[in-house]
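Have a look at the structure below before the remarks.
Read-outs: derived from the displayed coordinates by stated rules, not from any lab. Because the structure is a prediction, the values reported are computed rather than measured. Glycine also receives a Cβ, built like all others from the backbone with ideal geometry; neighbour counts cover every protein chain displayed.
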Amino acid sequence: MLRDLARYVRPHRGRVALALVLAVGTSALALPNIDLLGNIVYQITRRDADYAQVMPSVERMLWILHGLIALRQLVSFVRDFTITRLNESIQFQVRLDLFRHLTELSPSFYERRLTGGILAQMLRDAGAVNAFIMAVVVSPLVDVLTFLACVSYAIWVSPSLFAAVAALIPFYVIVFKLTNGRMMFWAKRGRDEFEAMTGHLTERLTGMQEVQLFNAVGRETEKFGGILERFRSVNVRTSLWQGLAMASSALLNAVGPLLVLWMSVRLIRDGRMNVGEFMKFYALLGMLYAPVSRFIEVNSIYRMNVPSLAKVLGFFATPSEVTDRPGATPLPAVRGEVEIDHVDFAYGGGPPTGKLALPVFRGLSFRISPGEKVGIVGPSGCGKSTVIKLLARFVDARSGAVRIDGRDVRDVTLSSLRDAVGVVSQVPFIFKASIRENILYGRPGASFEEVVAAAKAANIHEEILGFPGGYESDAGERGAMLSGGQRQRVAIARVLLRDPRILLLDEATSALDTESERLVQQAVDRLAEGKTCLIVAHRLSTLTTCDRIVVLDEGRVVEEGPMQALLDRGGLFARLWRMQTEAHVARPPDGR
Ligand SMILES: Nc1ncnc2c1ncn2[C@@H]1O[C@H](COP(=O)(O)OP(=O)(O)OP(=O)(O)O)[C@@H](O)[C@H]1O
Ligand SMILES: [Mg+2]
């Protein structure tokens, strides 16, 4: 684990070294302070003190002491600032790496995890890496050095007092042993409950409309209360054990001075020590115990953060199920031939269960020539959207191959593949940004004129001009300010701007009215011009302009051919067609 973390510390070696030097400097400056203070006390409490003679030297020492204290404050300020900057740089890097890794993970990862849980990871766990490095790498080094310096100094001042103080150390060890395991246990639970809470919360916030529509406010509040209650009780227990650990070490910290006082009285009485030496030792005590009690504190930080840390590192180890193969090369200029060759596919296979769901495809095969426009139809759940996911490589075939221009999509780089295919998905995602930015997402370098041209071709330009802010109008979260049909046309404009060779279109199931269907249809036709085009259609009427139609059922192609041929054949397509047209025209039952 430490080796993984070293990666984050290494670029900041210089700053870590500076922090160390400054920290040691702060401690080192404390020793002369103590020594001076002790000497001053010694000078003024001496039985034979001649104040007239002593005062100038005491005053001089006071000035030096003052200077040293100021210097020490300055050094410790620079130290703290250096450490803060180090902290921030490390957190920055961890979060950036987490985000980059997130962008590389395949959709199957996101299907298994709640968004809020991932958020918890970004915010809380990334901070843990930082706390961990500070607590476990930087401060112990300083503490060990301080401790050694103080021990030497203490032995020099009074060996017998030191022995008394050292006798307390085993008690620290006992406290440590008693509280350690429990602290760790509750910390891990706390981390998991936090993830559960944020996960649940973000999901419900997104689905608030459903919560309200189904009058589930009471139910949901109760459910969230339950989650909060678990979080609360785990936190209380964590702080109980943490507090106990801290309190016991504080108690021991208080015993030390009493012990020193008790012994000093005797030593001074017997003339084996003077008041100045007592002062020195007494002042030193704090510095002696500080590293020991901080060790307990550091240990608690360590224990508290290990679960988060393990999560972050474990997360970095999560492989993406879809990645570039070693030796993958970019797709060369794409002609646009698509081939699905005896593909078997089933969802699942990843953690937590590792089980495969029922197969979606069994020996699925079909081809699309460059520039051809092919419609895909079939009953709901037959795998139409999955075909698109296979082509865009969101999932990989279990056996068989998906090819573009004769090259297996698994042998080309993902980024070149995603340049070649454009997808308008069944539920297009609109970002919370202006409409212009949403369209521009297709090709960030495009000019505003190109954005407008794309919007015109997608039949959305007029409507955008009608919005209060025009192209700068905010689309709202997930495009909440747009209607379903508008969202789809913005998504089409986005893909138009991208201008890919192969176009994959997943028609929304939500029935648009005839007018907006016509608008979308026109947009699609313009989009499809001169491209290889695969259109998943639920409304069969949208397929009239297709060159060919592929009908899927039960994991394979059951019919294939031009629309008229399929209608004449009287198979599944003809049946689906009849059902839809009858539903539309509402003929009488015997009206055929
Ligand atoms: N991420 C997933 N994990 C597990 N199973 C899935 C996943 N996505 C889809 N499925 C299942 O795979 C099958 C095919 O789904 P797909 O989305 O391809 O259907 P579809 O033909 O597009 O349906 P529709 O016409 O309703 O959009 C369905 O039975 C579905 O339950
Ligand atoms: Mg679908």
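Counting other beta carbons within 10 Å of each residue's own, what order do 22, 534, 267, 141 fall into, fewest first?
Lowest to highest Cβ neighbour count: 141, 267, 22, 534.
If you build the convex hull over the alpha carbons only and average its shadow over all orientations, what do you get for region 131-252? Give it in nm² to one decimal.
10.1 nm²
Starting from the exponent 0.38 and prefactor 2.2 Å, build the expected Rg for region 407-520 from its residue count and divide its actual Cα Rg by it.
1.08
So, with +1 on the Cβ of K and R and -1 on the Cβ of D and E, and no other charges, what is the size of the charge dipole of region 32-166 about its Cα centre, to the nearest 20 debye?
Value, rounded to 20: 180 debye.
Please sort through the DSSP H helices of the chain and keep those with an alpha-carbon extent of at least 24 Å along the long axis and a Kyte-Doolittle average not below 0.0.
Sorted by number, the helices that extend far enough and score high enough are 13-45, 51-104, 139-157, 217-269, 275-317.
Only counting other Cβ atoms within 10 Å, I'd like 456, 384, 188 sorted with the fewest neighbours first.
Result, fewest neighbours first: 456, 188, 384.
Tell me, in nm to one decimal, what length is gained between residue 230 and residue 78 on full extension, where the rule is 0.36 nm per residue of separation less the Cα-Cα distance?
Difference between extended and current length: 50.5 nm.
Report, to one decimal in Å, the Kirkwood hydrodynamic radius for region 39-142 based on all distinct Cα pairs.
This gives a value of 18.6 Å.
Roughly how big is region 2-317's charge dipole about its Cα centre, with Cβ charges of +1 (Lys, Arg) and -1 (Asp, Glu), in debye to the nearest 20?
Here the size comes out at about 420 debye.
As a quick test, which of the pairs 389/456; 188/384; 432/531; 355/384; 188/389 have an alpha carbon distance above 32 angstrom in this structure?
Pairs exceeding the cut-off: 188/384; 188/389.
Using 10 Å bins from zero, what percent of all Cα-Cα pairs in region 280-425 falls into each bin?
Answer for region 280-425: a P(r) of 9, 28, 23, 11, 8, 7, 7, 5, 2, 0 percent.
If you average the sequence gap of Cα pairs under 8 Å that are 6 or more apart and divide by the length of the chain, what percent do you get for the contact order?
Once divided by the residue count of the chain, the mean separation gives 14 percent.
Suppose R0 equals 35 Å; then what is the FRET efficiency for residue 321 and residue 87 from their Cβ-Cβ distance, rounded to the nearest 0.05?
Calculated transfer efficiency: 0.55.
Restricting to DSSP H runs of at least four residues, report the calculated mean residue ellipticity at 222 nm for the chain, -39500 (n - 2.57) per run over all residues, nearest 500 deg cm²/dmol.
One gets -21000 deg cm²/dmol as the mean residue ellipticity at 222 nm.
Label-point separation (nm) for residue 156 and residue 432, each offset 7 Å from Cα along Cα-to-Cβ?
Each label point is offset 7 Å from its Cα along the Cβ direction, giving 6.1 nm.
Can you list the residues of region 144-168 with backbone N under 17 Å from a point 7 Å past the Cα of residue 251, pointing along Cα to Cβ?
Inside the label zone: 168.
Could you please rank 382, 533, placing first whichever residue has the fewest other Cβ atoms within 10 Å of its Cβ?
382, 533
Quickly work out the residue 365-to-residue 462 label distance, labels modelled 7 Å from Cα along the C-beta direction, and quote it in nm with one decimal.
4.8 nm
Between residue 581 and residue 380, take the C-beta separation as r, use R0 = 22 Å, and let me know the FRET efficiency to the nearest 0.05.
0.75
Just subtract the alpha-carbon distance of residue 554 and residue 112 from 0.36 nm times their residue separation and send over the number in nm, one decimal.
156.6 nm
Would you please give the FRET efficiency between residue 66 and residue 9, computed as 1/(1 + (r/R0)^6) with r the Cβ-Cβ distance and R0 = 45 Å, to the nearest 0.05?
Given R0 = 45 Å and the Cβ-Cβ separation, E is 0.75.
Evaluate the relative contact order of region 2-317 (contact order divided by residue number), counting alpha-carbon pairs under 8 angstrom at least 6 apart; express in whole percent.
Relative contact order of region 2-317: 32 percent.
With N set to the residue count of the chain, report its C-alpha Rg divided by 2.2 N^0.38 Å to two decimal places.
1.45
Given the alpha-carbon gyration tensor of region 244-324, what are the semi-axes of its equivalent ellipsoid in whole angstrom, ordered largest first, with each equal to the square root of 5 times an eigenvalue?
The answer is 50, 12, 6 Å, longest axis first.
According to a simple spin-label model (label point 7 Å from Cα along Cα-to-Cβ), what is the distance in nm between residue 529 and residue 473?
Reported label-point gap for residue 473 and residue 529 is 2.6 nm.
How large is the charge dipole for the chain, taken about the Cα centre, if only the Cβ atoms of Lys, Arg (+1) and Asp, Glu (-1) carry charge, to the nearest 20 debye?
For the chain, the charge dipole is close to 1760 debye.
Starting from the Kirkwood radius over alpha-carbon pairs of region 2-317, derive D by Stokes-Einstein at 37 °C in a medium of 0.692 mPa s and give it in µm² s⁻¹.
Rounded, D is 141 µm²/s.
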